[in-house]
1. Consider only pairs whose beta carbons are under 7 Å apart and that are at least six residues apart or on different chains; among these, list those whose first residue lies in the range 46-73 and is in contact (Cβ under 8 Å) with a residue 24 or more places away in the chain and whose second residue is of a type in the set (Asp, Glu) and open to solvent by 70 Å² or more (accessible area, probe 1.4 Å).
2. For the range 97-120, what are the residues that are farther than 26 Å from GLY51 by Cβ and part of a loop (DSSP other than H, G, I, E, B)?
3. Could you run through the range 83-96 and say how many residues are at pLDDT below 90 and either of a type in the set (S, T, N, Q) or under 16 Å from LEU37 (Cα atoms) (or both)?
Amino acid sequence: MTGFKEFGKSAASAVLERVGRGVGKVQERKPLSYDVLESDDAYLVVFDAPGVTRSDVQVRYVEGEVQVRLDRFRDFHEGFEMRFPGRGLSLDGRARLPPDADVDAGEASATLSDNGTLRVEVPKRGNGTDVTVREETEVDETPDDDAA
């Protein structure tokens, strides 16, 4: 009976490991959660970034969106063995800023907090200009060139 019991433990362990790896792969395919906030002079994008260190994080600003890649690692815990590897190790996220965003990406900053959030602040450009708004009746009507 002992052999049957060991076989059952081994089979259960194999199933848990496969399920855990599947859960981790699903997490890796799902984009990171985020919030986009706006102030008068900047956008702030807050990503969930659990279990990463500063060296695990890559942040880019490309064509109107903040792109994040997290490559985290599993710590070794003495006296413990892995039973359920359920956390994804490579996580990605993209946050599109509003289409009218005029940002200064060269001045952006990223801060990783102790509670597992990544805050990316992208300042707005200070050289915006005001646009004059006129009533529709004030719009100059130009004669149609084909009418002549």
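The values are calculated or read from the model by the stated rules, or taken from the named source; none is laboratory data. Source: prediction; values computed, not measured. Positions of Cβ are backbone-derived with ideal geometry, glycine not excepted, and every protein chain shown enters the neighbour counts. In case anyone asks, the SASA skips ligands and DNA or RNA and just uses the protein heavy atoms, side chains included. Shrake-Rupley method; radii C 1.70, N 1.55, O 1.52, S 1.80 Å.
1. Hits for this filter: VAL46/ASP35.
2. Listed by number, the residues that qualify are LEU97, PRO98, PRO99, ASP100, ALA101, ASP102, ASP104.
3. The number of residues fulfilling the criteria is 1.
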